[in-house]
Amino acid sequence: MLFISALAIGMITGLQNVTTEVPTTDSDVVSTTEDMGLLEPTKLSPPVSDLVNVTIHDRPAMWDVYLHHCPKWRPINHIFFQVANICFLLSFLAPHTATGLIWLRVALILGCAFSGMWAWSVECYLDAVLWNSAFIVINFVYFAVQFYLMRPIKFHKDIEEVSDSLKC
């Protein structure tokens, strides 16, 4: 849904034909064109009152905005971030069995723990630490319930003998 919203906003802003003239100096033009990755500086010409001829300004295609919006990528994140996402990937690969649910919860707990450690020690995001702590508690409760339901139920030998004798 978020992707569709971003795509719709990009299409709407890409279809708008609004140009505003901002007074700049030559030094401003050079610094902004280097940041934006333009080939050469462009300046807007003053409007002409010609009713027959229409000037069409070249604008980048909509997809160029999306494909080249990060001219310089940041380096990859810390190892805690990578391990957390690997644990999330493994949790999504859990089978639909009782042991698969245990696997799912353990992988989610480990993923949230590593994500919280990354948020705490590398990025210092208190909200991410709190959210991941809440997810750890929730997943641990579900893990404990599933582990309790998987326990083998054993009766005393006398009760087992009575039930065996009733079957015959």
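The values are calculated or read from the model by the stated rules, or taken from the named source; none is laboratory data. Because the structure is predicted, anything quoted here is derived from the model rather than measured. All Cβ positions, glycine included, derive from the backbone under ideal geometry; neighbour counts span all protein chains shown.
Out of the stretch 144-163, which residues are outside the structural domain of T99 (by TED's automatic domain parsing) and among the small types (G, A, S)?
Residue satisfying the conditions is S163 alone.
Given the conditions (1) outside any helix (DSSP H, G or I); (2) in contact (Cβ under 8 Å) with a residue 12 or more places away in the chain, which single one is not true for H96?
(2)
Pairs only if they're at least six apart or on different chains, beta carbon under 9 angstrom, first in the stretch 153-165 and of a type in the set (S, T, N, Q), second assigned to a loop (DSSP other than H, G, I, E, B); list them, first residue then second.
Qualifying pairs under 9 Å: S163/F155.
Among the residues of the stretch 142-164, is there at least one that is surrounded by 11 or more Cβ atoms within 10 Å (Cβ to Cβ) and outside any helix (DSSP H, G or I)?
yes
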